[in-house]
Amino acid sequence: SAILSINAIKAKRVVIFTPASVMMQWEKEIKRLLPNYTLYIYPNIKGVGDDGREILLVSYARAEPYKKSQSQATWKTEYIICDECHYIKNPKAKRTKAIVQLAKTSDYFIGLSGTPIINRPVDLYSPLNIIAPSEFNNWYQFTKTYCNGHMGKFGYVADGLSRKVELHSKLSRHMHRVTKDDCLDLPPKVRSVIPCKPTFNQEDYDTFQEAYCELGIHKSAEALSWIKDFMDSNDEKLVVFTQHVKPAELIFYNLAVEGKKHKQVDLLTGQTSKQDRDAFISRFLDPKSEKRILIITLGVGSTGLNLQKANHVLMVETSFSPMEMLQAEDRVHRNGQTKSCSINYLVAQDTFDEKLYSLLEKKMGMSNAVVDGDFKNDLNVFEELKKEIAHG
């Protein structure tokens, strides 16, 4: 729809900001749907301004240098599209500042996201500042009014939600919300728990964060066993998610090197180059390819990717965000999926992992409070998890 809107408003020069992981998908769809436009991928933009209709694809990582290059150009951007616009949730980030400045001189702007709020309503401020600058032009006032902003023990805190009905009402004027049920007829998604008992004692670690990281490493051995059974029992494809890089690397190494299954497995992390990332995804989606297992860290692959050639997912670790986990699940449960999707969560018994999954599942079954107007839940489970752990 976003691509077709370009043609509908007859924009002459369009800039699309997108995560690097999905640039290949945008490139393919633009060439298919808008053959009358010349496509450039930044930084290869030599000749921009010469053609009648042009589209520039820019990764978020290159937003700031792109802004500097445009400031010296003689041409003007008419239309800006931000795919996965929660990437600009932090007003202090360089990429956010760059895109906000660019949007001020653009005639049209649209932000796309399946999860506009990743953790808290404060995430909405930057996109709203672009869309309606006269209404949302003061971060402090916004957070004080709608995010329960207050002075805490260590400074100003804005991680809550207040005046919910009023915020939802304002959002409804600037946001068009479409759910899968509204537009897609998808097969069911079945979520299951795989219990495991790794050798792990939280008391051995000084901080919760350290224990959180180490548990993922301990769980990697359990995940490896499950994945081997999966590969031996069928010939289908599987997407494996981890929160941290180390468990992903351990699983990959033990499968590809020790297990000599390198022809069947790929690993995608933040360190993977764009060229390799595109190649890995293409191989995984190719029904003729031997690649059956794609291991991805949540930070890289929980949004944007279309992996519906698989209908099995293994969550080795989870984040604290129910919305991020739903996004990760939906890499396979999306338009084009024809089979029931099996989403498997590896949960370490007798550890905080059980409480974390229980909280996530409860929140994943609810709607987004601010966007959908359901005010019965908060969005991030970290604080609740700490309280659960403290009370045993």
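The values are calculated or read from the model by the stated rules, or taken from the named source; none is laboratory data. This is a predicted model, so every value here is computed, not measured. Neighbour counts are summed over all protein chains in view; Cβ atoms, including those assigned to glycine, are modelled from backbone coordinates with ideal geometry. All accessible areas refer to the heavy atoms of the entire protein, side chains included, with ligands and DNA or RNA removed. Shrake-Rupley method; radii C 1.70, N 1.55, O 1.52, S 1.80 Å.
Within the set of pairs 6 or more residues apart or between chains, which connect a residue that is under 11 Å from E317 (Cβ atoms) inside segment 214-230 to a residue that is of a type in the set (V, I, T) and assigned to a helix (DSSP H, G or I) with Cβ atoms less than 7 Å apart?
What qualifies is S220/I251; A223/I251.
Quick one: in segment 322-343, of everything that is over 19 Å from A223 (Cα atoms) and of a type in the set (S, T, Y), which residue is most open to solvent (accessible area, probe 1.4 Å)? Please lay out each step first, then the result.
Pass one, segment 322-343, residues over 19 Å from A223 (Cα atoms): 322-324, 326-327, 330-340.
In the following step, the residues that additionally are of a type in the set (S, T, Y) were identified as 338, 340.
Values: T338: 118, S340: 55 Å².
That would be T338.
Conditions tested, residue by residue: (1) modelled with pLDDT of 90 or more; (2) within 21 Å of the chain's Cα centre (by Cα); (3) among the β-branched types (V, I, T).
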{"residue": "V15", "(1), (2), (3)": "yes, yes, yes"}
{"residue": "I45", "(1), (2), (3)": "no, no, yes"}
{"residue": "L56", "(1), (2), (3)": "yes, no, no"}
{"residue": "W75", "(1), (2), (3)": "no, no, no"}
{"residue": "A103", "(1), (2), (3)": "yes, no, no"}
{"residue": "S106", "(1), (2), (3)": "yes, no, no"}
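When you scan segment 152-173, do you find a residue that is within 25 Å of P19 (Cα to Cα), modelled with pLDDT under 85 and not in a loop (DSSP other than H, G, I, E, B), even just one?
No: segment 152-173 contains no residue that is within 25 Å of P19 (Cα to Cα), modelled with pLDDT under 85 and not in a loop (DSSP other than H, G, I, E, B).
Taking the condition of being in contact with a Leu (Cβ under 7 Å, 6 or more places away or on another chain) and either open to solvent by 50 Å² or more (accessible area, probe 1.4 Å) or closer than 20 Å to D276 by Cα (or both), how many residues in segment 21-39 meet it?
Going through segment 21-39 one residue at a time, the tally reaches 7.
Being aliphatic (A, V, I, L, M) and open to solvent by 40 Å² or more (accessible area, probe 1.4 Å) is the filter here, so list the residues in segment 48-82 that pass it.
A61
Any residue in segment 149-159 that is charged (D, E, K, R) and closer than 29 Å to I3 by Cα? Lay out the reasoning, then the answer.
First pass over segment 149-159, keeping only residues charged (D, E, K, R): 153, 159.
When the remaining residues are screened for being closer than 29 Å to I3 by Cα, the result is none.
Checked segment 149-159: no residue is charged (D, E, K, R) and closer than 29 Å to I3 by Cα.
Look at K237 and say whether it is under 25 Å from D330 (Cα atoms) and either of a type outside the set (A, V, I, L, M, F, W, C) or open to solvent by 40 Å² or more (accessible area, probe 1.4 Å) (or both). Outline the logic, then answer.
Details: under 25 Å from D330 (Cα atoms): yes; either of a type outside the set (A, V, I, L, M, F, W, C) or open to solvent by 40 Å² or more (accessible area, probe 1.4 Å) (or both): yes.
Yes.
Within the bounds of segment 268-285, is there any residue that is open to solvent by less than 50 Å² (accessible area, probe 1.4 Å), aromatic (F, W, Y) and closer than 20 Å to Y357 by Cβ?
No, segment 268-285 contains no residue that is open to solvent by less than 50 Å² (accessible area, probe 1.4 Å), aromatic (F, W, Y) and closer than 20 Å to Y357 by Cβ.
Exactly one condition in (1) touching a residue at least 12 places away in the same chain (Cβ under 8 Å); (2) farther than 25 Å from T199 by Cα; (3) of a type outside the set (F, W, Y) is false for I251; which is it?
(2)
G155: open to solvent by less than 70 Å² (accessible area, probe 1.4 Å), small (G, A, S) and touching a residue at least 40 places away in the same chain (Cβ under 8 Å), yes or no?
Details: open to solvent by less than 70 Å² (accessible area, probe 1.4 Å): yes; small (G, A, S): yes; touching a residue at least 40 places away in the same chain (Cβ under 8 Å): no.
So G155 fails the test.
Can you tell me which residue within segment 194-203, out of those that are under 28 Å from I227 (Cα atoms) and out of contact with any Lys or Arg (no Cβ under 6 Å at 6 or more places or on another chain), is most open to solvent (accessible area, probe 1.4 Å)?
Step one: list which residues in segment 194-203 are under 28 Å from I227 (Cα atoms), which gives 194-202.
If we keep only those that are out of contact with any Lys or Arg (no Cβ under 6 Å at 6 or more places or on another chain) too, we end up with 194-197, 199-202.
Values: I194: 28, P195: 84, C196: 8, K197: 147, T199: 122, F200: 36, N201: 72, Q202: 54 Å².
In this case the residue turns out to be K197.
With the requirement that a residue be among the basic types (K, R) and in contact (Cβ under 8 Å) with a residue 60 or more places away in the chain, what does segment 66-88 give you? Step through it out loud before you land on a result.
Of the residues in segment 66-88, the ones among the basic types (K, R) are 67-68, 76.
Correct list: K76 only.
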